[in-house]
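Undergrad: There's a structure below that I have some questions on.
Every number in this text was worked out from the coordinates using simple rules, so none of it is lab data. In this text, all values refer to a predicted model and were calculated from it rather than measured experimentally. Cβ atoms come from the backbone with ideal geometry, glycine included; neighbour counts cover every protein chain shown.
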């Protein structure tokens with residue numbers, strides 16, 4: 001599948017890790033290419049603000065990684081949502097993984113070198129990328145806390161990790177809520193993601209007449225190819241804007 005050319009009616013919804021950024025050994029060791037924030041800011045200007053980051057990371061981490069670019073964004077798979085005008089909607093802090101679960105998980109992984117917990121305001125992720133032999137044990141552990149029929153929380157598969165998150169939040173819900181407001185309303189959404197958590201966002205983009213693009217299928221599994229496509233997009237939009245008679 002060949003990714004489409006961007007046009008003035010496009011709206012971009014972009015996952016972060018594994019999509020814009022290469023996966024790293026730990027969330028803290030991810031490397032942001034120096035040109036990326038400026039590239040995204042350029043697209044943001046060309047698309048009249050219709051660029052959003054939709055990530056499992058909390059909003060403050062998204063902003064820290066992409067500073068000084070602070071666009072519309074969804075953090076923790078939509079638990080926190082920042083609209084194009086800067087308005088923030090966030091589920092109450094009280095709706096979060098219980099502290100006793102965090103303590104139990106921390107104690108359980110102590111004998112497992114390489115397994116680590118990434119804490120988030122509302123949820124957490126257990127990473128076993130540095131200890132892949134512990135995958136079955138990690139899943140058994142988290143399932144003991146969050147069975148498939150748990151009414152409030154769910155297990156979210158990720159790359160060599162599993163996240164405990166709120167059942168009420170999803171990237172699809174985040175896209176739907178953003179599409180209801182300027183500058184996204186009425187545009188053709190393009191959602192790009194790399195793993196299970198992005199499928200809901202892709203599906204919602206298709207419901208709005210847009211596209212869901214998997215990094216593995218469309219970009220060869222390489223975030224560098226996503227960034228190259230975005231760079232091409234700025235050039236295409238630039239030529240479109242400079243063409244005589246092009247509507248603003």
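Undergrad: How do 15, 194, 173, 7 line up, fewest other C-beta atoms within 10 Å first?
TA: So the ranking, lowest neighbour count to highest, is 7, 173, 194, 15.
Undergrad: Given (i) 13.5; (ii) 14.3; (iii) 12.4, which label gives mean projected area of the Cα convex hull in nm² as computed from the coordinates?
TA: (i)
Undergrad: Enter the angle in degrees (range 0 to 90, nearest 10) between the Cα long axis of helix 99-108 and the first principal axis of the Cα atoms of the chain, meaning the one along which they spread out most.
TA: 70
Undergrad: Could you work out the relative contact order of the chain, using alpha carbon pairs under 8 angstrom and six or more residues apart, expressed as a whole percent?
TA: 23
Undergrad: Using the Kirkwood formula on the Cα atoms of the range 99-165, what hydrodynamic radius do you get, in angstrom to one decimal?
TA: It is 11.9 Å.
Undergrad: So how tilted is helix 223-242 from the main axis of the chain? Cα-based, degrees 0 to 90, rounded to 10.
TA: Result, in degrees: 20.
Undergrad: Calculate how steeply helix 36-46 sits against the longest principal axis of the alpha-carbon atoms of the chain, using the helix alpha-carbon long axis, and give the answer as 0 to 90 degrees to the nearest 10.
TA: 50
Undergrad: Report the calculated FRET efficiency for residue 104 and residue 206 (r = Cβ-Cβ distance, R0 = 45 Å), to the nearest 0.05.
TA: Between residue 104 and residue 206 the formula returns 0.70.
Undergrad: Another question about this same structure. May I ask you to order 141-147, 16-22 by the average number of other C-beta atoms within 10 Å around their residues, highest value first?
TA: Averaged packing, sorted descending, gives the order 16-22, 141-147.
Undergrad: What value, in deg cm²/dmol to 500, does the helix sum -39500 (n - 2.57) over DSSP H runs of n ≥ 4 give at 222 nm once divided by the residues of the chain?
TA: Using -39500 (n - 2.57) per qualifying helix, the result is -10000 deg cm²/dmol.
Undergrad: Another question, then. Take peptides 198-206, 27-35, 216-224 and line them up by average Cβ neighbours within 10 Å, highest first, as a rough protection proxy.
TA: Top to bottom by mean Cβ count within 10 Å: 198-206, 216-224, 27-35.
Undergrad: Quick one: of the DSSP bridges fully inside the chain, what percent are antiparallel, nearest 5?
TA: Among the beta bridges of the chain, antiparallel pairing accounts for roughly 55 percent.
Undergrad: Further, regarding this structure: Roughly speaking, what is the stretch gain from residue 148 to residue 25, that is 0.36 nm per residue apart minus the C-alpha to C-alpha distance, in nm to one decimal?
TA: 41.4 nm
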